[in-house]
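Comments concern the structure below.
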Ligand code: GDP
């Protein structure tokens, strides 16, 4: 996520570290580097101009703070301006006071709207809402099916015209027009007591009048509380013109940045909030439904400046974390029982629920400098370990000592690994277990998930 921009900015700051005092020439040189980094990352020119102008002015007027050295002061100013460009305050979804809240998704084809519909549904469900998805994208042949797939994955119903329209064939024959589908979807949400309606609309490859008109007609038919404009962070400079076209053609209340996991320059997406004056509500960071975050301008700035985003990390841990399970585990260890391979498997799954291990590391401060090591981290290693433990019987997980030659061969076959890999895992686990025993004797063990309790 914004890796190149992040690297460039942090290396600019590193060069400042050795300076005791910043001269005007130092500040100008720094501002020039920042400007180049932003332009290279595809941040829109007017945004770059305003940004660097503000940084220069504030650095020159040196909002001197005794607590910070000159380099830190510049970082603070850049951070502050970056938070501003990204929208400053976190803006959450606005819900209707009465009746279902209607969220309309708009954007180009391939922007990630349908995927987002599933992500939003899962997110809303997690907050106790009862969303209904509406397939008003009748342009793309398989868009309806695709929405049904994500709906199923999120465990949320989908309202769609035939086929698969949940008993409404008679009302909406195949080929129904999207405005009618959206309207009927709203009616269905009312009748079935769904408190949120997410309407997926059709996109086209480029901005065109017909597409805008259709989105505007759907908007008029369902009177949305939120219109979210979904923009692919990888499309570069076109992001700003596309956003402007949608702002003029349909209007939107908020932005969703998608595909932030890509290593694209992504800066254009950063300009969208600033250029359109609309806040970014969410970020999409992968193809899985859980690759989704509420967008916090301050945390994102912090991530870009490689100061880490520990808050998001903790939130994801809390979401993935099963308190009951942890309590059972803590009780078990406190009573002197061993941590077994079976326990290990459970812990590993909890960690997995948080998402990719690589992504988690990426949220720690200072990780920019370790990017290479991180890039080389092989998630498949974790898959291998999991496969090995899964191929063991409960007795083997409890007492690995019973694993003899023939058992080892069976486990290797079952997990698609080699006996040597199994030995390696068992040796490492044995060492870890010994360490745990020592810790347990030393008075309690560092609970894996005492977070917040
Ligand atoms: P739509 O045409 O706007 O509905 O876009 P889709 O939801 O069909 O997404 C287009 C493609 O982008 C699909 O292959 C998705 O799996 C993929 N996609 C969507 N969101 C993300 C994301 O955040 N990261 C990545 N890497 N891929 C995404």
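Of all the numbered requirements in (1) at pLDDT below 85; (2) within 18 Å of residue 198 (Cα to Cα); (3) touching a strand residue (DSSP E or B) at 6+ places or on another chain (Cβ under 9 Å); (4) surrounded by 14 or more Cβ atoms within 10 Å (Cβ to Cβ), residue 138 misses one, and that requirement is (3).
None of 285, 290, 276 is more than 16 Å from the ligand (Cβ to nearest atom) and modelled with pLDDT of 90 or more except 276.
Might you check whether a residue that is within 16 Å of the ligand (Cβ to nearest atom) and surrounded by 24 or more Cβ atoms within 10 Å (Cβ to Cβ) occurs anywhere in segment 88-102?
Initially, segment 88-102 is screened for residues within 16 Å of the ligand (Cβ to nearest atom), giving none.
Checked against the condition, which is being within 16 Å of the ligand (Cβ to nearest atom) and surrounded by 24 or more Cβ atoms within 10 Å (Cβ to Cβ), segment 88-102 yields no hits at all.
Might you let me know whether segment 184-199 holds any residue that is in contact with a strand residue (DSSP E or B) (Cβ under 9 Å, 6 or more places away or on another chain) and either at pLDDT below 90 or within 14 Å of the ligand (Cβ to nearest atom) (or both)? Within segment 184-199 (the criterion being in contact with a strand residue (DSSP E or B) (Cβ under 9 Å, 6 or more places away or on another chain) and either at pLDDT below 90 or within 14 Å of the ligand (Cβ to nearest atom) (or both)), the answer is yes, since at least one residue qualifies.
The residues of segment 202-235 that are in a loop (DSSP other than H, G, I, E, B), more than 15 Å from the ligand (Cβ to nearest atom) and under 17 Å from residue 255 (Cβ atoms), listed by number, are 224, 225.
Quick one: is residue 269 within 13 Å of the ligand (Cβ to nearest atom) and either outside any strand (DSSP E or B) or touching a helix residue (DSSP H, G or I) at 6+ places or on another chain (Cβ under 8 Å) (or both)? Yes, satisfied.
Taking segment 105-141 as the range and being over 20 Å from the mean Cα position of the chain (by Cα), within 16 Å of the ligand (Cβ to nearest atom) and within 19 Å of residue 223 (Cα to Cα) as the test, the residues that pass are 133, 134, 135, 136, 137.
Yes/no per residue for (1) touching a strand residue (DSSP E or B) at 6+ places or on another chain (Cβ under 6 Å); (2) at negative phi:
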{"position": "26", "(1), (2)": "no, yes"}
{"position": "82", "(1), (2)": "no, yes"}
{"position": "95", "(1), (2)": "yes, yes"}
{"position": "110", "(1), (2)": "no, no"}
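Apart from one condition, residue 12 fits all of (1) surrounded by 21 or more Cβ atoms within 10 Å (Cβ to Cβ); (2) within 23 Å of residue 233 (Cα to Cα); the exception is (2).
In segment 238-266, which residues are closer than 25 Å to residue 216 by Cα and part of a loop (DSSP other than H, G, I, E, B)?
250, 251, 252, 253
Against the list (1) without any contact (Cβ under 8 Å) to a residue 24 or more places away in the chain; (2) at positive phi; (3) touching a helix residue (DSSP H, G or I) at 6+ places or on another chain (Cβ under 6 Å), the condition residue 77 fails is (2). Every listed requirement among (1) within 11 Å of the ligand (Cβ to nearest atom); (2) surrounded by fewer than 22 Cβ atoms within 10 Å (Cβ to Cβ) is met by residue 259 save one, (2). Contact map, segment 426-449: residues that are outside the structural domain of residue 401 (by TED's automatic domain parsing) and closer than 26 Å to residue 387 by Cα paired with residues that are surrounded by fewer than 16 Cβ atoms within 10 Å (Cβ to Cβ) and modelled with pLDDT of 80 or more, Cβ distance under 6 Å, separation 6+ or inter-chain. No pairs are found. In segment 239-256, which residue that is more than 20 Å from the chain's Cα centre (by Cα) and within 15 Å of the ligand (Cβ to nearest atom) is modelled with the highest pLDDT? It comes out as 252.
The values are calculated or read from the model by the stated rules, or taken from the named source; none is laboratory data. Owing to the predicted nature of the structure, the values given are computational and were not obtained by experimental measurement. Neighbour counts are summed over all protein chains in view; Cβ atoms, including those assigned to glycine, are modelled from backbone coordinates with ideal geometry.
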